[in-house]
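Colleague: Have a look at this one.
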Amino acid sequence: MSKVLYIKANIKPEGQSRTFRISDEFVESYKKQHPNDEVVVLDLYKEDIDFLRPEDLGVLFGPKTEESKKHPHLKYAYQFVEADKYIFAAPMWNLSIPAILKAYIDYISVTGITFKYTAEGPVGLCQNKKAIHIVTRGGEYKDMPYEMGDRCL
């Protein structure tokens, strides 16, 4: 059994987002093919995701304990590292990902949880996991150097 984290990043409500229509259909098909897997939905606009502030740095770089798993920022990093697979559903906005998804990436990029520093440089702690980015966009951006919607993830 795998734990799948379905990360949704679109301010449009259900039924109005092309991204969610496609990603929800993908998830339903996935569930039929993998009935024993647990799919956890994380809608970033329904969470308390905000931009990191200087006062947040202490907890991000501080010691990681059982108590830190409950911290409003660190809980996302722990949730991310505990998942086996990831589904990112986010449209391309202004040639990139939505700002809330970038803020979420800041929340989950935590030393000692999702990566560590070694003598050879940083090393990811989410090894051998699968991810998919389901994205919609309003135009054709193939091979464009300024398109950052998929390059970011």
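The values are calculated or read from the model by the stated rules, or taken from the named source; none is laboratory data. Owing to the predicted nature of the structure, the values given are computational and were not obtained by experimental measurement. FYI the Cβ positions are ideal-geometry reconstructions off the backbone, even for glycines, and counts take in every protein chain you see. In case anyone asks, the SASA skips ligands and DNA or RNA and just uses the protein heavy atoms, side chains included. Shrake-Rupley method; radii C 1.70, N 1.55, O 1.52, S 1.80 Å.
Colleague: Any residue at all in region 91-106 that's in a loop (DSSP other than H, G, I, E, B), of a type in the set (Gly, Ala, Ser) and either touching a residue at least 24 places away in the same chain (Cβ under 8 Å) or surrounded by 14 or more Cβ atoms within 10 Å (Cβ to Cβ) (or both)? Lay out the reasoning, then the answer.
Modeller: Start the filter on region 91-106 by keeping residues that are in a loop (DSSP other than H, G, I, E, B), which leaves 91-92, 94-95, 97-98.
So of that shortlist, the ones also of a type in the set (Gly, Ala, Ser) come out as none.
Scanning region 91-106, I find no residue that is in a loop (DSSP other than H, G, I, E, B), of a type in the set (Gly, Ala, Ser) and either touching a residue at least 24 places away in the same chain (Cβ under 8 Å) or surrounded by 14 or more Cβ atoms within 10 Å (Cβ to Cβ) (or both), so the answer is no.
Colleague: Taking region 1-40, which residues are touching a helix residue (DSSP H, G or I) at 6+ places or on another chain (Cβ under 8 Å) and not in a loop (DSSP other than H, G, I, E, B)?
Modeller: Matches in region 1-40: Lys3, Val4, Leu5, Tyr6, Ile7, Lys8, Val39, Val40.
Colleague: What pairs come out if I take residues in region 66-80 that are touching a residue at least 60 places away in the same chain (Cβ under 8 Å) and open to solvent by less than 30 Å² (accessible area, probe 1.4 Å) and pair them with residues that are assigned to a helix (DSSP H, G or I) and among the aliphatic types (A, V, I, L, M) whose C-beta lies under 9 Å away, six or more apart or interchain?
Modeller: Phe80/Ile108
Colleague: Of all residues being part of a helix (DSSP H, G or I) and free of Cβ contacts under 8 Å to residues at least 40 places away in the same chain in region 52-65, which is most open to solvent (accessible area, probe 1.4 Å)? Just the residue, please. Before the answer, list the steps.
Modeller: Residues of region 52-65 that are part of a helix (DSSP H, G or I), as a first pass: 54-61.
Next, from what is left, pick out any that are free of Cβ contacts under 8 Å to residues at least 40 places away in the same chain: 54-59.
Details: Pro54: 103, Glu55: 136, Asp56: 23, Leu57: 82, Gly58: 54, Val59: 38 Å².
That would be Glu55.
Colleague: What pairs come out if I take residues in region 30-51 that are touching a residue at least 60 places away in the same chain (Cβ under 8 Å) and pair them with residues that are in a loop (DSSP other than H, G, I, E, B) and among the hydrophobic types (A, V, I, L, M, F, W, C) whose C-beta lies under 6 Å away, six or more apart or interchain?
Modeller: Going by the 6 Å Cβ cut-off, the qualifying pairs are Leu44/Ala9.
Colleague: Would you mention how many residues in region 1-35 are modelled with pLDDT of 95 or more, open to solvent by 70 Å² or more (accessible area, probe 1.4 Å) and polar (S, T, N, Q)?
Modeller: Qualifying residue count, region 1-35: 1.
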